[in-house]
Amino acid sequence: MSTKKISRIFIIMYTLAYMVSCKFVDFARLEVSCSVPENNGYFLEDEVEIDFSLLPDKESLKELIVFQRDASSVDFEMRLEGNKAFVKPVEPWQRGVAYSIGIQGELKLDAGGSHSVHFYRIFFYGAPSKKFGLLKWTEPTASERGPLVLEFVSPISIPGFSKSFSLTPQIPFDFYVEKNGCQVLVVPQEAWTKNQRFNWVLNQFEDVDGYLLDKQYQGNFIWDIDTVIPCVEKVVPVLSVVDNDLIVYAQDSGLLFDNQSILLRFSKEMDFDSVKNGVSIEPNIAGELQRCSSGKDFLWVPEENWSLEKEYRLIVSHDVKDLSGNQLTRNVDHYFTVANRFLQVTSIQLGEETPDAGEGREDGGNALEDGTDTEGCNFQSGSLKEIAITDEKSTVITRINFSQPLGFASLQNDLGTITMEPLFPITANYPILEKVSYDKNSGLSLYWSGFSPSSNDVKNYYRLEISGGTSGLKTDAGNYLEEDVCLIIQIL
């Protein structure tokens, strides 16, 4: 056989072997379309139809579909007919409500292989010309049993309104539907109470066509006119607030700490917008005015700490009004000076990490000796503590307890203010900080390794130091140690 023929046979066999060993890739493009138009915000069919140019795997498709109502996931049903998927919520469609459907991820195909799919539609279920909302409301007239009038875009469902409307303080009332179901008159069974603020709330319910009210509505009114002039009763620092109702405040010492809020208490319920516009702080500091549930109390809450040792002036303008429009008779000024609430080290504990003994123990197996906590008194700087270690690989835990929470921001920024260095001999190893843990109980645990063990001839001493002053360790509130704190550690 000639050399040329042998070469041809070899080439043919090599080509066949290569073709058998290769895996062919399907480069067909997957296209997705939907019965919900991309730019049309409304949909009124029973099922959302999604068409695929290639047959998808049913289970893979169902796992990738995200179906939501008002941004909350809902259960859905899906059926697959050829290349078409039909999707609808398990619960009945809610007219006038926003829905979304999407497919995000790697979609497997029935024939094998997969395609990355990124598909999303947002729509309102219902007709584009249909919306159920409250047009306006009118407070009662001067009549003792004058009606509260609510006017709607479309006819209401009477049972739905009855369940969704409430009035506080609670009084017995009747309601009447007029103007083809679009107007409701709320009438008290007895006269409206004088000088009483009434609050009404209308939760979402359906109209006669099944469309949901577009949002919750609420309002308030006073039937009679009040002529009593309001006044400022208190301007004091706040110690704590319980459920925006019970306010614990300090005596008027004229001192502020950290980011402490200020309580403004008026003699009457006040108009929030007028108080918000009529209260100011000099020099300016970012913050907001919050109304408490009583209507008489307001909190001025700073967004940051007050500047230490600076004087602030809180001004309440005479333009501030009560709910009846009555103004203060004069401006009210109040002065505060900001003081520092120094951070303190209450105790320091030492221990050697023993992870094998940690199971079932609250301390995670870290054998910490008792600290020197003196019930809030400052830790005695310069104290001497002893700890025995196995060798240079031993991990020593130093748990430092503070009088105030540090906060995570301070912990990340101020770790460099805590140092551990050899004191004697100076040739001893410098410890390495392996990790740090922090808890809400104002405790900071530092894990150090690389200590030089003492010998019979030489005792090794180390110095743990926490820097104080304005450039030292600070809490998130800006408080700092008044001076440096140190602990002398003898390695046994």
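Give the value in nm², to one decimal: projected area of the alpha carbon convex hull of the stretch 277-354, averaged over all directions.
9.4 nm²
Cross-link partners among lysines for K194, C-alpha distance below 20 Å, same-chain residues fewer than 8 apart left out?
Result set, ordered by chain and number: K268, K296, K321.
Rolling a 1.4 Å sphere over the protein heavy atoms, what is the accessible area per residue of the chain, to the nearest Å²?
It amounts to 57 Å² per residue over the chain.
Let's test the formula: R0 of 60 Å, r as the Cβ-Cβ distance of L433 and Y120. What FRET efficiency results, to the nearest 0.05?
0.80
Report the gain in length on full extension from S381 to D333: 0.36 nm times residue separation, minus Cα-Cα distance, nm rounded to one decimal.
Net length gain for the segment: 12.9 nm.
Determine which lysines satisfy two conditions relative to K459: a Cα distance under 26 Å, and not lying fewer than 8 residues away in the same chain.
Those lysines meeting the cut-off are K385, K393.
Charges on Cβ only, +1 for Lys and Arg, -1 for Asp and Glu, centred on the Cα centroid of the chain; of L473, L80, T417, which one is farthest towards the dipole's positive end?
Of L473, L80, T417, it is L80.
With r defined as the distance between the Cβ atoms of E91 and V228 and R0 fixed at 51 Å, what FRET efficiency is calculated, to the nearest 0.05?
Result of the calculation: an efficiency of 0.45.
Lys and Arg at +1, Asp and Glu at -1: add these up for the other residues within a Cβ distance under 11 Å of G133 and post the number.
Net of charged neighbours comes to +1.
Which whole-Hz ³J(HN,Hα) couplings does the stretch 264-278 yield from phi under the Karplus relation 6.51 cos²θ - 1.76 cosθ + 1.60, θ = phi - 60°, glycine and proline marked x?
For the stretch 264-278, the Karplus curve yields 10, 10, 9, 6, 9, 5, 10, 6, 4, 4, 5, 5, 4, 7, x Hz.
K440 label point, 7 Å along Cα→Cβ, cut-off 18 Å on backbone N: hits in the stretch 471-492?
Flagged as within label range: 476-477.
Based on the Cα gyration tensor of the chain, what are the three equivalent ellipsoid semi-axes, each the root of five times an eigenvalue, rounded to whole Å and given largest first?
Semi-axes from the Cα gyration tensor: 58, 55, 18 Å.
Considering Cα pairs under 8 angstrom that are at least six residues apart, work out the relative contact order of the chain and quote it in whole percent.
Reported relative contact order: 8 percent.
Using label points projected 7 Å from each Cα along Cα→Cβ, tell me how many nm separate E47 and F272, to one decimal.
4.8 nm
What ranking, highest mean first, results for peptides 390-399, 425-434, 458-467 when packing means the other Cβ atoms within 10 Å averaged over each residue?
458-467, 390-399, 425-434
Give the carbon-plus-sulfur fraction of the accessible surface of the chain in %, rounded to a whole number; probe 1.4 Å, heavy atoms of protein chains only.
Its accessible area is 49 percent carbon and sulfur atoms.
Provide the convex hull volume over Cα atoms per residue for the stretch 61-155, in Å³.
139 Å³
For K58, list the lysines whose Cα falls under 26 Å from its own Cα; do not include residues on the same chain fewer than 8 positions away.
Output for K58: K23, K84, K88, K108.
Tally Lys/Arg at +1 and Asp/Glu at -1 over every other residue whose Cβ is under 12 Å from the Cβ of G82; what's the total?
Around G82, the surrounding residues sum to -1.
Compute log10 of I(q)/I(0) for the stretch 133-224 with the Debye formula, placing one identical point scatterer on every Cα and leaving out solvent, at q = 0.14, 0.22 Å⁻¹, to two decimals.
Once normalised to I(0) and log-transformed, intensities are -0.46, -1.11.
The values are calculated or read from the model by the stated rules, or taken from the named source; none is laboratory data. Only a predicted model underlies this, so the values are computations on that prediction, with no experimental measurement involved. In this analysis, Cβ positions are derived from the backbone assuming ideal geometry, glycine residues included, and neighbour counts consider all displayed protein chains. Side chains included, ligands, DNA and RNA excluded: accessible areas come from the protein's heavy atoms. Shrake-Rupley method; radii C 1.70, N 1.55, O 1.52, S 1.80 Å.
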